[in-house]
Every structure is written in C-alpha cells, then in structure tokens.
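Here the structure is laid out as structure tokens; the discussion comes afterwards.
None of the figures in this text is laboratory data; all of them are computed from the coordinates on show. Just so we're clear, the structure is a prediction, and the values are computed from it rather than from any experiment. FYI the Cβ positions are ideal-geometry reconstructions off the backbone, even for glycines, and counts take in every protein chain you see.
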Amino acid sequence: MQNMNDSHAPLPSQQSSETTSASGASASTSGERKFAQIPKESVKAHAESIGISEVSDDVSAMVAEDACYRLREVMQASCQFMRHAKRKRLTAEDFNRALRWSNVEPMYGHNSPDPMVFRPTKDAELYFYEDREINLTEFAMETILPRNPGETTVKAQWLVVEGRDKGAGSSPALSEELVQYYDQVTRAILGGNEQLIKTALADLRTNSRVSALLPYFVYLVGEVKSISHDLEALTRLLQTAQALIQNPHLYLGPYLKQLVASVMYCILEPLAASINPLNDHWALRDYAARLLAQICRSGCMSVEGLQKQLPLALQKVLVDPARPLCSHYGAVVGLTALGSKAVEEVLYPQLGTYWPFLQSWMEDRTISNAQAKADAHRVQGAILSAAELLLKTYQQSSSDPHAESSHESSPNQSPHHPDASDFTIGTFGHLLESSGTAGPNSGGHRRDKGPVPITQMYSDLYSFFGDSLAVRVGNGAPFVPAKEDESDQDVEPIIEAGSSAFPSVQVERADLPPMLTFAGNGQPIDLSSMPSTSEATHTTTGGRRTSKRRQSSKESPKSKRARRAPSMSDIFSLSRASQRRRDIVVNIRGGRQVGKKKTKPGALLGAELSRLCRRVPFVGKRKKVKTLPGKVLQPSMGMLL
Amino acid sequence: MADPNRTVVVTDGSNDASAVSGAAAGVQSSPKGEKGAGTDPSKMDQQTLAAVLQFLKNNKLRDAEAALRREAKLPDGNGDSGGSSRVATSGEVSLVLSAYESEGDLARYCEYYNSLSSFIESSLDAHKHELGCLLYPVFIHMYLQLVYNRHEKEAHKFFNRFSVEQEDWHQEDLRTLSTVKTREQMEGNDLMDTFRSSKFVLRMSRDSYQSLRRYLKQNEHRELLSILQDHLFIDVFDGVPRNREQVQATSGAMMGEARRDANKVKVLYGLPKEPDINVPLDDDDEGVEGEDKPKKKKQKKDLLLNKNKKADPNAPPPSRIPLPELKDADKLEKVLSWKEGLKRVPLGRENLPSICFYTLANAYQNVSAVGVSEDSSLLAAGFEDSNVRVWSLSPQRLRTMRNASELDQLDKEADDIVERMMDEKTAADSWLLHGHTGPVYSTSFSPDREQLLTSSEDGTVRLWSLHTYSNLVVYKGHNYPVWDVQFSPTGYYFVSGGHDRVARLWGTDQFQPIRMFVGHYSDVTCIQYHPNSNYVATGSSDRTVRLWDVLNGNCVRVMTGHKAAVHTLAWSPDGRYLASAGVDKNVLLWDIAYGRLLAEMKGHTDPIYSLCFSREGSILASGGIDNTVKIWDVQKVFEEIAGSDDLTSLDRASLVEVGSLLLGSFQTKATPVLKLHFSHRNLLLGCGRYQHS
C-alpha cells in the first residue's frame, strides 16, 4: 500500500485536488469528479520493480482500481484528523495516521512542512518526487546548529476592551473606517491637489477621533528622512505635523520627540533637495523652524527636557565648521525661532568666531565658490534677522520695563496670535519664571546674566553688519514682522505669527527665486512712497494679512509704548546711515556689507554667477566643506533625543 | 480506520432497535392504511425486508435464509425492544447487504429517478419542499443497488448525472459514496453500513404524503416503491406542510431528521437548589476560586430564604444521580465563586465583554486542544506531539507536592496542611505532562482543579494529578481516537466520546465505563455535561446533537439541523438552552425543553471550535479557525420566545425571527480561537496558538 502512495503514477497532484475539495464543505461538482486515478501501467511498473514481471492487464486494472479506492478512503479518514486538530491544512502526518488506523504501514520521510516537488522525467512519461539524498555525516558535522525555538509560552493581551477593539493585542488595531480615513488623508496630503490638501489638513487640525491614528501619522511625518529630495512632499509632511500639533484633541505625549526629530531634520540636515540651487530649501528650513517654535510654545515640551536640549543641539551644528552652510543657516533660523534668549545665549557668543568663517566664504569670488558664497549670504541674512530680534527685544524691554509682564497678562492677545516678543516669552517664559524674575525684573535679570549692555551689544553687532543693522533696528518700531507667506502656509494665522521671526528671510524669499531677483531689482526703488515706520514694511508686502497685522500693531499697547520710547530710538537713529536707500537694503539681502558701496557691480556679479551656477549645479567648493550628512545627523539627533 | 463500524454496527443495532420499534409503531398509527395499500404482498418478496425486521413482523418471507434469520429474531420482534435484537455477525452483514439484490430493470433507474424528480417539481408549491427531501435518500439507495448488482457503468452514469442536483450539505457524504464503485467496496465502508442498517427519516405533512401516494399508485415503479419502504421512514404529521426554510432548518443530518417521538420524553433541565453551605466567609480570601453556576448561587445568597425554598419545577430531584459529597474545600470554593460572581459585569447588547486573549507562542507543534479551569486560573493545552502542558493564569505559580519523607514529617492536623504539602522550590509557570502517544484532542480540569483529564488519538483517556504532575489512570475502552472528554460539574464522573461512535460515562475510580451512550451514526466529536449533571449532550459528525440521560443511558433528544460535523457545544447557565456549532460555520441554538431549533447564527467563515455563554446567559461567544471571536445576542432570542411560548407548532421548526443577532466580531492577527471561556466576572478569555505565515 505504501508503495502505491509514493508510486510513479500521476497520483499526488490529483490527490491534492481531492484534498482541497474534501475539506471544502461544498465542492462544486461539475460533471466528472476528480479523484486519484492510478493507471494500470503504474501497477505494472511497480510490480516489475519488486520483481514480478508478468502481470496481466486484468489483474493490474483490478489492483489499480482497488488501490484508488483505498487511497480515497484513507484520504477521507485523514481529513478527520485534520478537523480534530483544528487545522485548515491537511498534513502528511494526518495521512499517516489514517494509514496506521487502516493497519497499513505509514509513509516515511514525507513529513516536511515544505511542499515536495513532483516532476516528470525528461525521457519517459514518468513522474516522481524529487527526493534528494542527504549526507548525514555532513549534516551531523554542520557547525551551524538549529536555533532553539524557545520555551512554549502563553502571552496575554487585550483583544477587546468593553466591546472595543484594543489593537495593541494580536488584532489589527483599526476599524475599517479609520483605516479608510488614514488612507484618504495620506493620499490627499501626498497628492498634488491643493484643495484636497487643505481639506485634509483642516480636518487633521480639528478632528477629535484622530487619536487612534496618531502613531501612524507621526510615523508618516518621520518619513521626511526618506524623501529629502522632494521639497513639496517635505513641506506637506511638515504641514501634517503642524496640523497634529494644532489639534486640540490630541495629546502628543510620547510622540513629541519623534515629531521634533522630524522637524529638526528639516531644519538642519543637508537635504538631497539642497543640491540643486534652484530648490528653495531655505523656505522649508524657515517653515520648519517656525514649526519648532510652535511645538515649543504648545507647552507640552517642558517635561521633556527638550527645551534645554534644542538650543544646545542647534549650537552644536553651528559651531561645526564641517557642516554645510545650509545647516548653519538652519541652526540660525532655529535659534531665532526659539526666541531672543536663545539668540543671545547661543548665537551671540558664537558670532565672534563664526563671523570670520562666514566672511571667508563670502569673499571668495572664484566661480567654483559661487554657490557656497550665495549660501553664506543667506546665513548672513539669517544672522542679521537674529540680531534684529535680539536688539528689538532689548529695546522694548529697556524702553518699557513692563512690556513683558503686560504681555504675559494681556488677555486681549490670543495665544495663537502672539507677536515676536510674546514669542520670546512663550518659548522661554518658564525659564524666566523659574529664575524668579517676573515681568518688571526681567530687564534686571538680563543685565545680571548677560553682562553685555545693549549699547555694547549693538556696537558689537554693528561691527559685523554695519548700517544694515541700523536700517532694521533703528526705525524705532517694535520688532514687527514684514510678513509674507506662501499660499500653502497662509491657511493658518498661526503661521504668520510664527513666521514673524525672520523678516529678512521672508522678504528675501518674497523676491525670489534667489539671486536673480537682485539683478532685476537693481534699480533704486521709489522710496518716496515708502514710510519708514513699521507700516512701510507691511505695505511692501501688501495683502490681507498685512492690513490685519498693521491693525494689531496699532492696537498693541506695546507698539505704542515702543514709539513713545525716544531714547532708544535715538541711539539707533544716530548710527543710522542713509536709511532711506532701499538699494542698500537689497544689498544686505544679497549679503553684502553696507560699507562696501559697490552695490551694482556686486549685485550684477551675483546675478552672473547665479546664472553660471544654474548650469553647474555642483559647485566645486562644496567638496571642501566636509559634509557627511548621514554621520553628522546621528550625533546631533542623538543628543537631542 | 475503516474497522470500528464492525463493532459499532452491533451496538448501533441494539440502540436503534428501540428507536426503530418505536418508529414502527408510529407508522402504524398514522400512515398504516396507505402503507398497506402501497405494499402489495406479491411485491413484498424482496430479501431487503430482512434488514428491516421490525416491519416484517406480520409478513412471511419466501427466502429460506431470510426466514431462518427472521426466526432467530422472532422473540425480539414480539418483545418490545429487547437488547437481543443486535444483528450482524460478519456473516450476517453480507446477508443484510443482499437486501440490495434486485431483479428489477436496473437500467431504468435513471428514468425512475427522473420521473420522481419531475413529479416533485410539478407538485404544488406547498408540498414541493417536503417531497424534495425524498430525492436524496432515493438517489443514494438507487446508486447502492446499482453498485451492488454490479452495474458499475450505470451506477457511474447515474451518479454523475444526479449527484449535482443534491443539496450542498450532502456533498460530503456523496463524496464518500462516490468512492464506492464495486460491490466489494460496499463492505466495510462506514457510511454504507449506516445507510443499509438504518432508515432515513423524513417528516412530512399528511397532505404531502397523500400526493406522494397518488403518484406511486399511478406509476408502478416497483423498485422505487421498495426503496421507499425498505430504507425510508416517513414520519407523517397532521398540519400545514412546511415551507422551504422550515424544511431546510432541520435537514442535513446523515440519516435525515429526528423522529417526532424521539423528543417526547420530558427533560429535567432545571438546576437543583444548592445545598446549604455554612462556611464562614473569610474576607481575606485572595483568589478567584470557583465552581459552577454562579448565577444560581448568587440568587441563593441574595435571597437566602425566599429563593431557596422554591425549587425549580424542572429540576431533577437531588438524589436522582448519586453525586459526590461536598467536601469542605468544595463548599469554600462555592462561596468564593459566588463572591466572585457578585463582582460580575452585566453583559448585553449595550455592554459587550472585554476579551483577554492568551496566545501560545513558540509552540513547536500545533495545538489541538485547549482547556481552561472553571475559575480561569489554569490553562491546559494539548499538542499534536502528544504532550500536554499546564500553565497558571494567576500569579500563583504551580508547585508539586513534597516527597514522601518530607510529607511524613508534616503535622497532618495543621490548618494549612494543603499549603504545607507543596514544595515551594518546585514552583514553575508551567508543567509538561508526557504520556500520550498521539495528538491530544481535549483537556478538562476537574472542578477542584486537582486533576486533569486528557483524551488522545491513541485511544485512551488519561487522568493526571495536578499535585504531582503525573499520570494517575489510563482509561482504555474506546480503542479508537477519543475526540473529547469532559468532567462533570460536580467532579468524579466524566464522559468521553470518539471515533467508535459511542460516548462513555466513567467514574474516576473505575476502569470500566458506567454507561455507554450509543446511537450516533458517526463519530462522537464533542461532549458537554449538563450543568445539573443529569444529562450529557453530544455532537457528532453525523450532523446531529443528542442528549442522553445519565440515569438510564437513554437518548432523550435528537436535534438535526447542522449541515456538517458538530465540533463544539455550550449550555446556557440555566440549563435550558444548548448552542452547537462546527464545520458548517453556523451556530445553532436549541431549546432543550422541546428539542426545537430556536435560532441560526451565521457569520463565521471557517469551522467553529469554541462556544461559551456569558455567566448570566445573555450573550454567546463563538470562535473558530477563521481567527475571529463573534458575540451573539441570544438574550434577544430568549425574550422573543418568552413572549410566544406556543407549544403547538413543535412539529414544525419555526425559527424565531430575530434578524441578525451579531453584536460584535473581533479578529485576532493570526491566532485561531480554539477556546473561549467566561470568567466569573464575565471577562471573556480566548486562547489559541499563533500561526506563522
């Protein structure tokens, strides 16, 4: 009998077809039933193999018929063993059991879980199992021992809690609805349809049922690391992160670190998209920095210890000369976003050493350096903004010692619409409080801590920036954003507020594509129409938000106070040089020092170079900057988290 | 595997005798006239009559052999249903087989079948569905006659032509049937034995029966007539013919429906009142201790005086079955479990249970059985490699007893002697039990959690001590794979059932069974002890569920309706309702009081292997190898029938119209649900082995 079972007949394939049909409750029976059939030729072949040469057709047919019947019977019996073992799959062991109960010796050597290969020979119409010989000596001498599968254990999980899928257990977590929601939202976000993106993000900001999906969305945002070539997608992911942060129903808790890591990545790392100078990765960094500020402000950070780690992480990048300039830029905008205190404590002390380094990039006029030089100008612009923030904060706090406290307690300012100084408090407010200096004393606190008096600081900064600083700071206006936003960001008022930290960068970007603008912009601007007050800045950007901002700044008691503080303004106006020359400002934006009056040639040269650069995307000088993106990333992030 | 039927036919015959004789009486009472008219004595000369002796008491046989045999049976025929009516020494088997010998024109079977089929098709819609049930048994017996008379070619043709027309649920048997192609193969085939030794039961309204009779009169199909007479039992009732749904609800069993008189006996399904327990309640008990029927205990405790006096009218007298005396430990446990029950979460369609799932990881072999102790503190898994492993689900680790010399030194009178007997050094999370030599198909803890029963493919049931983790007794008797074993709720007794088609009742201290429950036409696949210990429910691969009286071993309920093997059963806590499920993926709910089908719950996509009622009986949980747990609102069914407890329509199964009862469906990642169990507090525990890939 067992000979029959591993016979050379085309039996096993049909055997399996019966197996499947036998296990199905209702097999479709179209016409002839398919069962194992053993042809009499097989019987003859078998008889020969065991030494019986003469078998008549009749005999072999009868034997074949009976073998078929026995086989089917055994197969049905084996299905019973499968059922009682509570399995869906028939095993060779089931079949062997059925054989044993029929008092037939079982088949040996077919108990492997892997399917046997049943194939025909090349020359004859003969089918057989590929049953290779195994050298037991080799097998025994094998140095690789099979892995111990471990002790059989029982693990308890919650599958359902009070009728609700728990998810953490062995079940797929999500209901059909949620999965669909996740699917649609992610598809919308990563797709190109503006309208869909807006809708999806708006829903993410407000939907209270997203919490079950939070880990998945956080993971999605974490994908920034794998798509750093695609600025558009990066922006979308950051927007997703922003929406999650803004959703009042979500507790980010354990996921915050992951989100911050993703955002920091966008701020600091030399993205693949940065290689092409046409890519405006600067805007992305700015946006990410604003987002970082927003996360800090959202209040869930204090427990995490991130508040202290973030400035340190940014500092570490800044002081590392091996980092590319775009990383430095990111560090600077990041610090600016974190507020004046971060600028003062981290950026300002570094400036003395960093400035010459930056300078060396900017002054190298070789063609191969063009791109790096342009980058350096960016960094300079960012530092300038940071300096402006710093000085204006000082200006306000010293001109109006109550400004901060009044702001802290000012209820008429929505927390979602803080302006720059609010921002400062929001970010490091708890530090100020912890040092026992509420409102009125904050000025004193500053003086205690930072031995640098404002005049000293100003002159320090002035030595770096020259008149461009005076242009920004000396108008006596509070630090108010010259604002402008990309369409994809303007859906959210909070973005405006956050973006206020980097006026120069934003203006610059408004005039972008970078560099090229300056060539066209070389004409002196009609300044007569431009008031030199804070409104002037707004007017240049125009639009709905501008008017709103203007309104708010008018209403702001702080701004009024600021204007009432002539003493500080005087200091600035004294050192203010040719403040009404717009072209100078433009040149500052181009990164030129004001002292060098050759504005036009410089700008033109820049334009020329940038055109060249466009043809040569890889700038030779880059090599000198030893960037090891992957390597650098790890320690900085590691430190952060 | 083919052999058990030999012995079984013997027992089957003896058991059938009562049923068949009862049936004969039934036929004579109602359709007697028709039968007489239909059976012209001149046509009664077939040897086939030898196999259905009860019919032939008044007929004389021409065949000498048959007459001889009849003579041997004669006293039995006169007696009521004596145990001596067993047929079948192996010589007689061929004799019974010869019942298929036919002189008729076998080639015309196709024509006959066609004629019958078209008659049914053309009959009134009212009768069509009842008459339609005729086709399958007629088809089977025609095929067997063809095969037996060596018309293999015609048989093959006949089979291929008409097998497709049979209902889906018959296809499994038809597959078995189709393997039988020669006369020789008919011998020793389980299913063939069943078909020829038992009658296929059909229930039919009188109107439908009359129309069938007219048809048979018009068409003188002698062969058809003899098949109807010899192999079919038509149970005629007065009333409205059943519609398609009603017919389908109860059809599907291997040998047709249950006879009406099979479910007439009164079943004492109530729960006896608890004995008074005067155990002081310790407040510092630390454990989940438990026994059975917490609901009732709760009532008892709540209304100690009121409820306790009023006995359940449906409850059996406490002394009906001798039950083991309650020990102090048992009483304490009852109290503790009652206390646990007080903390129970009420469940219902608004309050679904929490499910805690125990996944077996790193199992080298497939897990073929899982058992959970009544108090949910222990779990036993049986593996296909013959091992049994016991885990503790509570913080209490599992310890063995100290060795004899250490035990000897203990102070036997100490209060905490049981605790002292245990050896702390041996504490472990699990214990492995070796002993079986085949896959372990079921495990059952004793109520006191001191013993464990396991049944295996090796044909034995083993009793293990959970104090020493060693084998105490091997119960041999089934000789074929034992599919299920279960302790009685009171301990001491247990029931096992297996491939030999017999369910056996044992006492743990006896090596031979106390009762044998014989009557299933195929393997006894699952067993569930009634909460009051007086009855045992068994499910079988003959697609019926039967209820047995432990007192006298009688079959008191036969319930048909499953379309494939039944693999799991569950009693409602009040003992009145029984749920069953299996390979046909449907859960059926039965009212034991009348043996009627109450509801059908569809939704699973693979065989169901576990059922469990919540502790208060309001919801039912089912789980299977489709990796899902489904929760059903059985309370709705109970409410529905409480309103209309109309007993007149018992002849016709009328399903309660309840719409979908499904309350929830919860999927595991890749773990089949082999066991479900509600804790005293109504936490649902599930268990299975994680399946790779």
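Could you line up B:ILE234, A:ILE454 from fewest to most neighbouring Cβ atoms inside 10 Å? List each step's numbers first, then the result.
Details: B:ILE234 24, A:ILE454 18.
Going from least to most buried by this count: A:ILE454, B:ILE234.
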Within 10 Å, count the other beta carbons around each residue, average over each peptide in B:617-627, A:133-143, and list them highest first.
B:617-627, A:133-143
Taking A:333-343, A:287-297, A:207-217, A:368-378 and ranking on average Cβ neighbours within 10 Å, highest first, one gets A:333-343, A:287-297, A:368-378, A:207-217
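Return the subset of A:LYS308/A:LYS373; A:LYS155/B:LYS273; B:LYS585/B:LYS669 for which the Cα-Cα distance in this structure is over 30 Å, preserving the input order. Working shown, then result.
Working: A:LYS308/A:LYS373 32 Å; A:LYS155/B:LYS273 39 Å; B:LYS585/B:LYS669 20 Å.
Check vs 30 Å cut-off fails for A:LYS308/A:LYS373; A:LYS155/B:LYS273.
Suppose a student asked you for the relative contact order of the stretch A:183-339, using Cα pairs under 8 Å spaced at least 6 residues apart; what percent would you report? All intermediate terms of the calculation are to be shown ahead of the outcome.
Details: 174 pairs, mean separation 34.0, N = 157.
Taking the mean separation of contacting Cα pairs over the length of the stretch A:183-339, I get 22 percent.
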How high is the relative contact order of the stretch A:264-385, in percent, counting Cα pairs under 8 Å that sit 6 or more residues apart?
26 percent
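Once Rh is set to the Kirkwood radius over Cα pairs, what Stokes-Einstein translational diffusion coefficient, in µm²/s, holds for the stretch B:340-387 at a temperature of 10 °C and a viscosity of 1.306 mPa s?
Details: Rh = 13.5 Å.
Answer from the Stokes-Einstein relation: 118 µm²/s.
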If amide hydrogens are placed 1.01 Å from N in the peptide plane, which non-local residues have theirs closer than 5 Å to the one on B:LEU676?
B:LEU611
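Given the convex hull of the Cα atoms of the stretch B:329-452, what is a quarter of its surface area in nm²?
Working: hull surface 41.7 nm².
Across all orientations, the stretch B:329-452 yields a mean hull projection of 10.4 nm².
Any of A:LYS86/B:LYS181; B:LYS264/B:LYS675; A:LYS44/A:LYS122; A:LYS40/B:LYS153 with alpha carbons more than 24 Å apart? Name them for me.
Numbers: A:LYS86/B:LYS181 31 Å; B:LYS264/B:LYS675 33 Å; A:LYS44/A:LYS122 21 Å; A:LYS40/B:LYS153 19 Å.
Long pairs (Cα-Cα over 24 Å): A:LYS86/B:LYS181; B:LYS264/B:LYS675.
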Kirkwood hydrodynamic radius over Cα pairs of the stretch B:152-193, then Stokes diffusion coefficient at 25 °C and 0.890 mPa s, in µm²/s:
226 µm²/s
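Would you kindly give the portion of the calculated P(r) for the stretch B:448-521 that falls above 13 Å, as a percent of all Cα pairs? Present the calculation step by step, with values, prior to reporting the outcome.
Working: 1668 of 2701 pairs.
In whole percent, the long-distance tail amounts to 62.
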